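Worksheet: one structure, shown below.
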Amino acid sequence: MIGIIVEEVASTGPGIRFFQLYVYKDRNVVAQLVRRAERAGFKAIALTVDTPRLGRREADIKNRFVLPPFLTLKNFEGLNLGKMDEDVKWLQTITSLPILVKGVLTAEDARLAVQNGAAGIIVSNHGARQLDYVVKAAQGRVPVFLDGGVRRGTDVFKALALGASGIFAL
């Protein structure tokens, strides 16, 4: 199915709504949030996995750009952020809602998401820098959506041409 989905996570309007969440060490809190989302009528859970990782930015690679030490993601050191495969499998035990993995930035993460039962992938790549790699890695087994970086209609067409199943845009 190829389509354009215009949706806001916290929308109260009509349309398909998904509940975006992070899985933290205290899974009891996450379980409560999932139950609340189910009661509120959300149709899917979007497990966000991209916070501690930067995307593949070709200009940064070409220019050998490295974040200065004071800007690295040190605030995530020592935290138990979980692993995507464990988190997907755990969420499947507490909800019947489909689990979408949001923020996939690499082909390897796309393969892991598919292998671990994700119902779909949302690429939060802010400009279509990873979409083609992720679509190829998903091998048509799950839909791949684009979230972020959509500034004009041509961005939508580019994403669809690269294999996106749909686009989330505000």
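The values are calculated or read from the model by the stated rules, or taken from the named source; none is laboratory data. Bear in mind the structure is a predicted one, so any value in this text is a computation, not a measurement. We place every Cβ from the backbone using ideal geometry, glycine too, and count neighbours over all the protein chains shown.
Tabulated results
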| item | result |
| --- | --- |
| VAL134 vs. criteria buried (at least 23 other Cβ atoms within 10 Å of the Cβ), closer than 12 Å to ASP50 by Cα, modelled with pLDDT under 90 and touching a helix residue (DSSP H, G or I) at 6+ places or on another chain (Cβ under 6 Å) | no |
| Residue match in region 93-101 (condition: among the hydroxyl-bearing types (Ser, Thr, Tyr) and closer than 21 Å to ILE16 by Cβ) | yes |
| Filter result (surrounded by fewer than 16 Cβ atoms within 10 Å (Cβ to Cβ), among the charged types (D, E, K, R), within 18 Å of ASP87 (Cα to Cα) and at pLDDT below 85) within region 1-51 | LYS25, ASP26 |
| Unique match (being touching a Lys or Arg at 6+ places or on another chain (Cβ under 9 Å), modelled with pLDDT under 95 and within 20 Å of LYS43 (Cα to Cα)) among GLY103, GLY149 | GLY103 |
| Single condition LEU105 does not satisfy, out of (1) in a loop (DSSP other than H, G, I, E, B); (2) over 10 Å from the mean Cα position of the chain (by Cα) | (2) |
| Test: residue in region 81-91 that is part of a loop (DSSP other than H, G, I, E, B), among the hydrophobic types (A, V, I, L, M, F, W, C) and modelled with pLDDT of 95 or more | no |
| Test result for THR154, at pLDDT 90 or above, among the hydroxyl-bearing types (Ser, Thr, Tyr) and part of a helix (DSSP H, G or I) | no |
